[in-house]
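For reference, the structure is listed below as structure tokens.
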Ligand SMILES: CN(C)C(=N)NCCC[C@H](N)C(=O)O
């Protein structure tokens with residue numbers, strides 16, 4: 001495979017896991033009785049930030065708020081396309097106050113935030129993919145929100161139904177490699193949605209359940225480097241065969257809350 005993959009510099013928003021914990025259970029990964037090593041989580045998160053910066057990306061931070069243990073999952077706070085911000089309305093009451101803190105960050109940067117009318121969890125379920133936005137539903141973000149997103153951005157929104165509670169957000173089951181291609185785990189989707197993905201992406205990288213359960217599809221790609229969970233070894237090998245450069249970053253402590261690399265990373269697209 002020629003060395004043809006080109007990285008594009010990105011701007012990422014992240015939130016330090018100062019108050020990270022598993023205090024409630026809103027997905028099958030979360031067990032409040034199992035301990036979380038907060039110091040290890042902070043080291044892992046710092047490594048992610050340093051790795052992004054080492055690869056030339058801009059990383060900005062939003063101030064973590066006490067009492068919001070899931071606020072570290074910045075991807076869920078909004079989806080930003082061409083400098084326009086479509087905010088979130090979380091399903092879980094425990095997460096709803098996060099939107100206030102993120103909105104303050106966006107406002108301070110001169111962005112206006114659109115407030116959705118229906119449950120919508122940002123880039124967790126809304127994945128900009130070149131000419132369209134892939135949109136997950138089934139567990140969190142609603143079909144009504146998909147319609148609202150399409151009206152707001154004027155970009156086609158392609159609804160995909162998730163069927164496995166372990167993959168409750170689209171970004172646990174699929175990630176965008178570049179403008180043209182994605183990687184995904186087919187069994188996380190309804191039969192019709194699988195067909196849609198096969199039509200849109202005949203050349204997609206197909207992941208195994210093992211890759212997906214290791215949060216391998218919760219990866220971030222800059223078009224060349226793929227920041228990926230080290231547990232997803234088979235997926236990383238496939239990516240390397242296609243000319244991408246896997247960059248392993250271990251966020252195992254965050255898996256205990258049902259999140260990984262992508263969940264911790266909001267892309268600010270100008
Ligand atoms: C990849 N995923 C799922 C994310 N984009 N976000 C992680 C959110 C975790 C949080 N405890 C929750 O269940 O909402």
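What number, in percent, do you get for the relative contact order of region 15-103 if the mean sequence gap of Cα pairs under 8 Å and at least 6 apart is divided by its residue count? Walk me through the intermediate numbers first.
On the way: 92 pairs, mean separation 28.6, N = 89.
Relative contact order comes out at 32 percent.
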Label point 7 Å beyond Cα of residue 34 along Cβ direction - residues of region 210-225 with amide nitrogen under 17 Å: 210-216
Volume of the Cα convex hull of region 71-220, divided per residue and given in Å³: 105 Å³
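For n ≥ 4 DSSP H runs only, could you compute -39500 (n - 2.57) per run for the chain, divide by its residues and tell me the 222 nm figure to the nearest 500?
Numbers: 7 runs with 67 residues, N = 270.
One gets -7000 deg cm²/dmol as the mean residue ellipticity at 222 nm.
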For the chain, alpha-carbon Rg and Dmax in angstrom: 16.9, 49
Fewest to most Cβ atoms within 10 Å: 144, 82 sort as 82, 144
Under a 10 Å cutoff between Cα atoms, tell me which one of 34, 147, 23 has the largest fluctuation in the Gaussian network model of the chain. 34
Amide N proximity, region 242-266 versus residue 206 label position 7 Å along Cα-to-Cβ, cut-off under 17 Å: 242
Starting with the fewest neighbours, write out 4, 193 ranked by other beta-carbon atoms found within 10 Å of each beta-carbon. 4, 193
On full extension of the chain, what length is gained from residue 143 through residue 61, given 0.36 nm per residue of separation minus the C-alpha to C-alpha distance? 26.5 nm
Residue order, fewest to most surrounding Cβ atoms within 10 angstrom, among 262, 256: 256, 262
Give the peptides 198-210, 216-228 in descending order of average Cβ contacts within 10 Å, highest first. 216-228, 198-210
Gained length - residue 166 relative to residue 92, 0.36 nm times residue gap less alpha-carbon distance: 25.0 nm
Relative contact order in percent for the chain (Cα pairs under 8 Å, 6+ apart) equals 24 percent
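No lab work stands behind these numbers, since they all come straight from the coordinates. This one's a predicted model, so the numbers in the text were calculated from it and none came from an experiment. For neighbour counting, all protein chains shown are included, and Cβ atoms are generated from backbone atoms with ideal geometry for every residue, glycine included.
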